[in-house]
Amino acid sequence: PITPGELLCLGSSLAFSGLFYYMYRKKAKVVARIQEAPKLQVDDDLPALVSAAEGRCLPYVALEGIVLPAQAALTSQYHEGLQGVIQKLLLKEHRLIWNSLARSW
């Protein structure tokens, strides 16, 4: 005989398994789209390609090309000779709302 507690544990286990499998499949599709992204070169044809795209937006692309730093290139502390740049830094602050039930912001 199966007790109600065992049924509850079995049901919740199946529900969580289903939820996690759904989330896995959803993320796997996104990863597949990113891996199949077309590789484009940064050149004079890129603005025309973007303006011709639907909604003036390319969903997933890999851009290849040479970038120049605005000031000085960042050098790696761990790998000698490895340099990089930060293209754009965006800081977005969210408005805090007081939650009176949890008594937190």
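The values are calculated or read from the model by the stated rules, or taken from the named source; none is laboratory data. The shown structure was predicted, so the numbers you read here are calculated from the model rather than taken from an experiment. All Cβ positions, glycine included, derive from the backbone under ideal geometry; neighbour counts span all protein chains shown. With ligands, DNA and RNA removed, areas are computed over all heavy atoms of the protein, side chains included. Shrake-Rupley method; radii C 1.70, N 1.55, O 1.52, S 1.80 Å.
Restricting to DSSP H runs of at least four residues, report the calculated mean residue ellipticity at 222 nm for the chain, -39500 (n - 2.57) per run over all residues, nearest 500 deg cm²/dmol. Please list the in-between numbers first.
On the way: 2 runs with 39 residues, N = 105.
Rounded to the nearest 500, it is -12500 deg cm²/dmol.
Couplings 3J(HN,Hα) for segment 70-76, derived from phi with the Karplus relation 6.51 cos²θ - 1.76 cosθ + 1.60 (θ = phi - 60°), are 5, 10, 10, 6, 7, 9, 6 Hz, where x marks Gly and Pro. Between the alpha-carbon centres of segment 68-89 and segment 1-48 there is a gap of 33 Å.
Kindly provide the Kirkwood hydrodynamic radius of segment 38-90 in Å, to one decimal, from all pairs of distinct alpha carbon atoms. Please list the in-between numbers first.
Working: mean 1/r = 0.0740 Å⁻¹.
Taking every pair of different Cα atoms in segment 38-90, averaging 1/r and inverting gives 13.5 Å.
Specify the longest stretch of the chain that does not include any exposed loop site, a site being one of the GluC sites (Glu not before Pro) with a non-H, G, I, E, B DSSP assignment and at most 14 other Cβ atoms within 10 Å. For GluC sites (Glu not before Pro) (loop position, at most 14 other Cβ atoms within 10 Å), the longest site-free span of the chain is 37-79.
For the chain, the relative contact order works out to 15 percent when only alpha carbon pairs closer than 8 Å and six or more residues apart are counted.
Mean-square fluctuation check for the chain, GNM, Cα pairs under 10 Å: which of L40, L58, L14 is largest? Ranking L40, L58, L14 by mean-square fluctuation puts L14 first.
Accessible area per residue of the chain at 1.4 Å probe, in Å²?
Working: 10610 Å² over 105 residues.
Solvent-accessible surface per residue comes out at 101 Å².
A straight chain from V61 to K26 at 0.36 nm per residue would run longer than the Cα-Cα distance by 10.7 nm.
GNM on the chain, alpha-carbon springs under 10 angstrom: the most fluctuating residue among V85, V31, V67 is V85.
In whole angstrom, how long is each semi-axis of the equivalent ellipsoid of the chain, when you take the square root of 5 times every eigenvalue of its Cα gyration tensor and sort them from largest down?
Numbers: eigenvalues 391, 119, 74 Å².
Whole-Å semi-axes of the equivalent ellipsoid: 44, 24, 19.
By accessible area, using a 1.4 Å probe on protein heavy atoms only, segment 1-41 has 69% of its surface on carbon and sulfur.
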